[in-house]
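These notes concern the structure reproduced below.
The values are calculated or read from the model by the stated rules, or taken from the named source; none is laboratory data. Because the structure is predicted, anything quoted here is derived from the model rather than measured. For neighbour counting, all protein chains shown are included, and Cβ atoms are generated from backbone atoms with ideal geometry for every residue, glycine included.
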Amino acid sequence: MKVMIRRDSAGKLSVYVPKKDLEEPVIEQEKDDLWGGTVRLANGWLLGLPEMAADTRLPITVEARRLEGD
């Protein structure tokens, strides 16, 4: 699914899912550089993110895989 990942002025990551009109903060991430790992959203979803360069600029729209969660 397509998701937009962005960082707010306080440095917190959030994920927006346009098809669901859903925006949730990231509460846990597998890798410090974000890419190629998983992130858990506040609503319980676990998303797999694609491999990208560590210095990829945000905001960005990527193809993520929903792995588990309500």
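Is it the case that some residue within the range 45-68 is part of a strand (DSSP E or B) and in contact with a Phe, Trp or Tyr (Cβ under 7 Å, 6 or more places away or on another chain)?
yes
In the range 13-34, what count of residues is obtained for those that are at pLDDT 95 or above, among the hydrophobic types (A, V, I, L, M, F, W, C) and surrounded by 15 or more Cβ atoms within 10 Å (Cβ to Cβ)?
Matching residues across the range 13-34 total 4.
What number of residues within the range 32-70 are farther than 16 Å from Arg6 by Cα and in contact (Cβ under 8 Å) with a residue 40 or more places away in the chain?
2
Filter the range 11-37 for residues that are charged (D, E, K, R), touching a strand residue (DSSP E or B) at 6+ places or on another chain (Cβ under 9 Å) and either part of a loop (DSSP other than H, G, I, E, B) or under 12 Å from Leu47 (Cβ atoms) (or both) and give the result.
The answer is Lys12, Glu24, Glu28, Glu30, Lys31.
Here are some residues: Ala54, Ala10, Ala42, Ala64. Which one is surrounded by 15 or more Cβ atoms within 10 Å (Cβ to Cβ) and not basic (Lys, Arg)?
Going through Ala54, Ala10, Ala42, Ala64 in turn, just one is surrounded by 15 or more Cβ atoms within 10 Å (Cβ to Cβ) and not basic (Lys, Arg): Ala64.
Counting only residues that are farther than 19 Å from Leu67 by Cβ and of a type outside the set (Gly, Ala, Ser), which one in the range 3-17 is nearest to the chain's Cα centre (by Cα)?
For the range 3-17, the residue satisfying everything is Arg6.
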